[in-house]
Amino acid sequence: MTADLNREQKRTLKKMGALDEQGNPARQARAPKARNERTTPAQYLREVREEMNKVAWPKWPEVRRYSIVVLVTVAVFTSIIGVTDTAVGFITDWLYKS
């Protein structure tokens with residue numbers, strides 16, 4: 001395992017305790033998982049409110065500008081796809097009528 005690690009990786013693993021002083025993997029017993037206490041609905045809602053207050057919400061002019069960009073883009077791509085579909089339909093009708 002340690003043959004394909006560079007010196008920096010080996011030093012980091014030694015600091016973490018994953019390697020011994022000779023560079024061999026150090027076996028560690030797994031610690032039993034601690035049981036987490038369940039959160040109450042009130043605590044959950046309080047934490048959600050705290051996190052939502054941290055969000056940088058866009059201002060109304062930004063929302064309006066981005067909405068216009070999205071609507072124009074959708075209209076342009078819809079028209080491109082519609083024209084292409086109609087053209088391919090005419091071409092296939094012309095090819096298969098013969």
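Looking for something within 22 Å of the chain's Cα centre (by Cα) and of a type in the set (D, E, K, R) - is there at least one such residue anywhere in the range 30-41? Let's see the steps before the verdict.
If we filter the range 30-41 for residues that are within 22 Å of the chain's Cα centre (by Cα), which is where we start, we get none.
Checked the range 30-41: no residue is within 22 Å of the chain's Cα centre (by Cα) and of a type in the set (D, E, K, R).
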Subject >> Counted residues, the range 47-79 - those being aromatic (Phe, Trp, Tyr) and under 23 Å from the mean Cα position of the chain (by Cα) >> reply: 2
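For the chain, give me every one of the helices (runs of 4 or more DSSP H) that falls completely inside it and has 3 or more residues that are modelled with pLDDT under 90, out of contact with any strand residue (DSSP E or B) (no Cβ under 6 Å at 6 or more places or on another chain) and surrounded by 10 or more Cβ atoms within 10 Å (Cβ to Cβ).
Working: elements: 7-16, 41-54, 60-97.
The helices (runs of 4 or more DSSP H) meeting that bar are 7-16.
The values are calculated or read from the model by the stated rules, or taken from the named source; none is laboratory data. This one's a predicted model, so the numbers in the text were calculated from it and none came from an experiment. Because the Cβ atoms are built from the backbone with ideal geometry, glycine has one as well, and the counts that use them run over all protein chains shown.
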